[in-house]
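Below is one structure, written out as structure tokens; comments come after it.
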Amino acid sequence: MKKTQEGFSRITAILLVIFVATAAAGTVYILKKNTESNSPSATPTATPEPSPAAESEDEKACGNISDQDLKDGCYSGIARAKKDPLTCDKIQDRVIKDNCYLYVIRFKKDPSICDKTQDQRAKDDCYSYVISFEKDPSICDKIQEQRIKDGCYLNVASVNQNPSLCGNISDQDLKDTCYSGIAKTKQDPSICDGIPDRDTAVRCYWAVVEVNQDSSVCDKLQNQESRTYCHSNDLPKPPNPTLPPSDWKAYINEKHKYSFEYPSTWIFQVVFSSPDTSELNVIREEISNRSNYNWNWFIRIAAWDNPVNLSLIDWLKFRKEPGGLIPNDMPLVPNTVVGKTGVAALQTWIGGTSTWDKPGECFQACPSLDVYFVYKDKGYRVELEGQDASKKESQEVFKQILSTFEFIDK
């Protein structure tokens, strides 16, 4: 028990030193700025960032600490305050030093900082961050963990629109996703020829087709078999609902780049949101009209980020958990369209006694009708809750809403 208390005391002391060192470095800088700004000879120009030499006294104070753990904590605090990798160099503990470099690189954006890290996982994480601003595929070669390396190549291939880089990805699903994303963006179905699996290749061709809803792009393929694959599905047909009433209101969501029309008595509100730094399979924002009405059916609309412009099917595969609700026996091909421009979408019934293509009766939970689609760098799900086979009126209203969807290009 005594050793445990001593351990907690030591950890507390290290954290305190980091806090004090960081605060001290900031205080020195603030005092320096205030002194210069109050000087008679001061000019109204911006004060530059303090150089490492300007705060060397703080580092000397750290050097005078005899306990190595506390000394490392002191240097870490100073390095973070100054965003200075040279101060990280003075830290002895490997973990604290690596974390210091990983913090500093976010501000310095210097790939050579990654070379200083000692733990391989720290190096991989560091290089993975570097690729976000360097876009140099040679950086991916330095990553050892295959999962992180594959993600690095996917990122840099998508940004550079270079399908040859997709071949460096070891995970076949991710490699196929890479080819499909670039083929869709470049409107070049021949890129799909790099995909060995027939069904996946078809989805890739259709990722190209669904952009303009024009299957004539398949005729550009030189290979007869590829043309056959590309033409293997009919274009999804629109649901063709009746026109919505003229007194409907418009909901505009500029952040997530969509708008739609809805009955004037409804009120949509944000019911969930997550930080932009969350994993890509996390909903960024969800709106619903449920909280304002005590109805037995309602609508929810969720938006995700899709930063590399994956096609609909590749986006669902990339998320690994496509809503968590798409039936296993459902064909993953677009089967309807959404909006005034006819964006390809995947529609499925979920819950109760439903099959994916037909509504059933309420059992434990009532069925819902889910529609998934993507537009450029966003993915969406529009969901009609509390249904069964008899609720034709609410399903018609749902179709009308879907037909009014528009997308905001900025």
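The values are calculated or read from the model by the stated rules, or taken from the named source; none is laboratory data. Please read these numbers as outputs of a predicted model, since none were measured by experiment. FYI the Cβ positions are ideal-geometry reconstructions off the backbone, even for glycines, and counts take in every protein chain you see.
Structural remarks
- Residue that is under 28 Å from the mean Cα position of the chain (by Cα), acidic (Asp, Glu), under 30 Å from Asn155 (Cα atoms) and modelled with pLDDT of 90 or more, where the choices are Glu254, Glu261, Glu321: Glu254
- In the range 97-136, the residues that are surrounded by fewer than 18 Cβ atoms within 10 Å (Cβ to Cβ) and more than 27 Å from Asn160 (Cβ to Cβ): Tyr103, Gln118, Asp119
- The residue of the range 233-251 that is surrounded by the most Cβ atoms within 10 Å (Cβ to Cβ), among those that are at pLDDT 75 or above and within 31 Å of the chain's Cα centre (by Cα), is Tyr251.
- Considering the conditions (1) in a helix (DSSP H, G or I); (2) outside the structural domain of Val209 (by TED's automatic domain parsing), Leu165 is excluded by exactly one of them, (2).
- Selected residue (criterion: nearest to the chain's Cα centre (by Cα)) from residues of the range 127-185 that are within 26 Å of Tyr101 (Cα to Cα) and of a type in the set (Asp, Glu): Asp150
- Among the residues listed as Asn281, Asn292, Asn296, the single one being in contact with a helix residue (DSSP H, G or I) (Cβ under 6 Å, 6 or more places away or on another chain), modelled with pLDDT under 85 and assigned by TED's automatic domain parsing to the domain that holds Thr336: Asn281
- Within the range 97-125, the set of residues being of a type in the set (A, V, I, L, M, F, W, C) and either out of contact with any Leu (no Cβ under 8 Å at 6 or more places or on another chain) or in contact (Cβ under 8 Å) with a residue 40 or more places away in the chain (or both) comprises Cys100, Leu102, Val104, Ile105, Phe107, Ile113, Cys114.
Rundown of residues vs (1) touching a residue at least 40 places away in the same chain (Cβ under 8 Å); (2) aromatic (Phe, Trp, Tyr); (3) assigned to a loop (DSSP other than H, G, I, E, B), yes/no style:
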| site | (1), (2), (3) |
| --- | --- |
| Met330 | no, no, yes |
| Leu346 | no, no, no |
| Leu369 | no, no, no |
| Tyr372 | yes, yes, no |
| Gly379 | yes, no, no |
| Ala389 | no, no, yes |
| Gln395 | no, no, no |
| Leu402 | yes, no, no |
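- Where a residue in the range 81-93 is within 18 Å of Ile65 (Cβ to Cβ) and its partner, wherever it lies, is among the acidic types (Asp, Glu) and not in a loop (DSSP other than H, G, I, E, B), with Cβ under 6 Å and at least six apart: Ile91/Asp72; Gln92/Asp72; Asp93/Asp72
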